[in-house]
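Note sheet for the following structure.
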Amino acid sequence: MILGSTKRGDRILVNRNAHKSIYNAMILQDLVPSYVAPRVHDEWGVTLGVDTKAIAPLLASQSYACAVLTTPAYEGGMTDLSVLRASKTPLLIDAAHGAHLPILGVPPVQADASVESLHKTTPAMTQTAVINYRSDRLDEDRIDHYLSALMTSSPSYILMASIDLALGRLTTTGEAEMVNLLSLIERFEEEVADTGFKVLRFEGQDPTKILLSGVDLGIDGLTLQRELRQVHRIAVEYARPAYCLLMASISNEASDFERLLMALRQMAAGANGSPLTYGEVGESRDFPKMVATPREAFDRPKRSLALSEAAGAVAAEFVTPYPPGIPLIVPGEEITREMVERIRSMREKSIQIVGTKDHTLETLQVLR
Ligand SMILES: Cc1ncc(COP(=O)(O)O)c(C=O)c1O
């Protein structure tokens, strides 16, 4: 989508909490990004959508080849794109987490192009993302070219059949199944409130994303994730210090929520810690400063530097906690003391970090 909508060296506007695939497109096409920081929930530190009213004037100036925005965000924050509709800049949407929106009653994304990963929120096999594009502001032939250049020339009939089955289900029973799912989630939220755990909700959030927090019981998100998995055999999507993210879909049944509730009741009964403060579970969501474009940094000579000495150096590699796959540091960004501390703290908490040459994170690749 991005390669077919830009030319080498183009400027693009992009939310900095984008998935690593978007930075890879910037490297391939030598793009010059202007980053927009997402809004952040001031109590829980959850990353929300971007403030489109603030970026509308930037897009009116036509200085960007396109804007690439992510909505819904990983934790379910949805960006209101309506104010950008009149903008002259083509709008490309990473809607990886939005394939189920039509059965939620959310109007389809109004954009020049979007990509939806059917496998994330609908019952389809992994690797069944689809691209939608229809725009007189994009060169559709170019997009077609890049699609055939980057995809396998031997597409899988199994995956295509899976797409058909998922779309068939969405368009027939999907809406009714979603109504049922939403009532299961609502009941779960009411019942979980009695345990001491709570579900964090914010305006404009996709209701199928459940942010479960045990901070009032003294249980941080990573402990919650570990215990749910090891003791109760329940795998959550991912964890942050303040909460765990659970993704529900129309394939979930009442018994799934009952099992989760039973596990939480047991954990709550055994909890003996005092409530955690924001200071204990809050996280900075600041992003580093870009001093070279991702492509420039990718091409320049690199060296290894001890993490303890990395503050002030310019990154030559991605540092990406996975999930959610949003790079903490992108090649070309200045590594701050605070970033070094965040990497250390993630390492101590055994949060999986990908993208670095040294998997132990003792050293980082930086520009020479
Ligand atoms: C926001 C976002 N965009 C893109 C992707 C990549 O999607 P896919 O799994 O279809 O490659 C992900 C995957 O985690 C994502 O969270």
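A few points about this structure:
- Along the chain, longest interval not containing exposed GluC sites (Glu not before Pro), exposed being DSSP loop plus at most 13 other Cβ atoms within 10 Å: 44-202
- Among 194-202, 14-22, the order from most to least packed when residues are scored by Cβ within 10 Å on average: 14-22, 194-202
- MRE, 222 nm, helices only [DSSP H, n ≥ 4, -39500 (n - 2.57), over the chain, to nearest 500]: -9500 deg cm²/dmol
- Two-decimal ratio, the chain, of alpha-carbon radius of gyration to 2.2 N^0.38 Å: 1.02
- On the principal axes of its alpha carbon atoms, region 133-177 extends 38, 29, 9 Å, with the longest extent given first.
- Accessible area in square angstrom per residue, region 264-368, 1.4 angstrom probe: 52
- Coordinate range of the alpha-carbon atoms in region 76-204 per principal axis, descending: 56, 39, 26 Å.
- Rounded percent of accessible protein surface that carbon and sulfur make up, the chain, 1.4 Å probe: 51
- Descending semi-axes in Å of region 1-129, equivalent ellipsoid built from Cα gyration tensor: 22, 18, 15
- For region 71-76, 3J(HN,Hα) computed residue by residue from phi via the Karplus equation (6.51, -1.76, 1.60; θ = phi - 60°) reads 7, x, 6, 3, 8, x Hz, glycine and proline entered as x.
- Averaged per residue, region 33-85 has 39 square angstrom of accessible surface, using a 1.4 angstrom probe with ligands and nucleic acids left out.
- Three principal axis extents of region 161-218 based on alpha-carbon atoms, in descending order, are 46, 21, 17 Å.
- Cα gyration tensor of region 257-368 - equivalent ellipsoid semi-axes, whole Å, descending: 35, 15, 13
- Gap separating the Cα centres of region 259-324 and region 154-190, nearest whole Å: 32
- Binned Cα-Cα distances of region 8-76, short to long, each 5 Å bin given as a whole percent: 4, 16, 26, 23, 17, 10, 3, 1, 0
- Per-residue SASA remark: Arg229, around 140 Å² accessible (1.4 Å probe; ligands, DNA and RNA not included).
- Reach of Lys7 by Cα under 20 Å, taken over aspartates and glutamates that are not fewer than 8 positions away in the same chain: Asp30, Asp94, Asp112, Asp136, Asp139, Glu140, Asp141, Asp144, Glu296, Asp299
The values are calculated or read from the model by the stated rules, or taken from the named source; none is laboratory data. This structure is a prediction, so every number in the text was calculated from the model and none was measured. Don't worry about glycine lacking a Cβ; one is built from the backbone with ideal geometry, like all the others, and counts go over all protein chains shown. Each accessible area value is taken on the protein alone, full model and side chains, heavy atoms only, with ligands, DNA and RNA left out. Shrake-Rupley method; radii C 1.70, N 1.55, O 1.52, S 1.80 Å.
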